[in-house]
Amino acid sequence: MNNTVGSLTQIQKSLIIGSILGDGYLRIIDGRQDAFLEINHSFKAKDYVDWKFSILKNICRSKPIFRKIDNQRSAYRFFTRQYPEISDLFYKFYKQGKKIIPQDLKLDPLILAVWFMDDGSKSRKNDVYLNSQQFSLTDQKRLIYLLRQLGLRARLNRDKKYYRIRFLKESISLLNKIIKPFIVPTMNYKLSYDPVETSSI
């Protein structure tokens, strides 16, 4: 995964795509030609943000910074520089200011791992979700199809008035196997282990 794609390595491109699927945002400032990526997480995810920065630092102007939101919330964020390759992703993943899923998207293990660290969660019953509510139902069905290409079975799960993606129980072990090599240690709490997998540890 070390070959380059323009001025981005494949690892960088996968990390950026995983972030777009999750909490990352691409922006183009009025009057500027190219887009940049904003990474913005809770300060509790500092190690995770630092990991992302370690991969993208050669296309960033400055290190992550702490930002106090209010008396109870704080954030940790950084921005990339503007890049033509990021602009290409902007025009693929955004339509009228809203995130969409492009028809030619393909998932790889790193994309999935970053997406999961951004938006993955588990319930008390160890159900595993991707909080994909920002995407339309059509796009979420497209994402379920793309997960199936990795051997993962998932369905739409109603979350109040929205929908999100829920992995079927039989796919949890495979999900862990695919993404575990990339999971930042402080994000391990998001992983769910089924009884068979747990008994073999």
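Miscellaneous remarks
- In summary, SER74 fulfils each of the numbered conditions (1) surrounded by 15 or more Cβ atoms within 10 Å (Cβ to Cβ); (2) farther than 29 Å from THR9 by Cβ with the single exception of condition (1).
- Among the candidates LYS169, LYS190, LYS122, LYS161, residue that is surrounded by 15 or more Cβ atoms within 10 Å (Cβ to Cβ), more than 19 Å from the chain's Cα centre (by Cα) and charged (D, E, K, R): LYS169
- SER132, sole failed condition from (1) in a loop (DSSP other than H, G, I, E, B); (2) under 25 Å from ILE59 (Cα atoms): (2)
- Residues in the stretch 19-60 that are surrounded by fewer than 15 Cβ atoms within 10 Å (Cβ to Cβ), of a type outside the set (D, E, K, R) and under 16 Å from THR80 (Cα atoms): ILE29, GLN33, SER54, ASN58.
- Any hit, the stretch 156-174, residues being among the hydrophobic types (A, V, I, L, M, F, W, C), modelled with pLDDT under 95 and farther than 22 Å from TYR25 by Cβ: no
- Considered as a group, the residues in the stretch 87-100 that are in contact with a helix residue (DSSP H, G or I) (Cβ under 7 Å, 6 or more places away or on another chain) and either closer than 23 Å to ILE55 by Cβ or among the charged types (D, E, K, R) (or both) include one that is surrounded by the most Cβ atoms within 10 Å (Cβ to Cβ), and that residue is PHE93.
- The stretch 37-54, residues that are charged (D, E, K, R) and modelled with pLDDT of 95 or more: GLU38, LYS46, ASP47, ASP50, LYS52
- Selection of the stretch 157-184 for residues being over 10 Å from GLN133 (Cβ atoms), basic (Lys, Arg) and not in a helix (DSSP H, G or I) yields ARG158, ARG166.
- Candidates PHE93, PHE135, PHE78, PHE116 - the one that is within 22 Å of ASP34 (Cβ to Cβ) and within 14 Å of the chain's Cα centre (by Cα): PHE93
The values are calculated or read from the model by the stated rules, or taken from the named source; none is laboratory data. All values reported here derive from a predicted model rather than from experimental measurement. Virtual Cβ from ideal backbone geometry, glycine too; neighbours counted across all protein chains shown.
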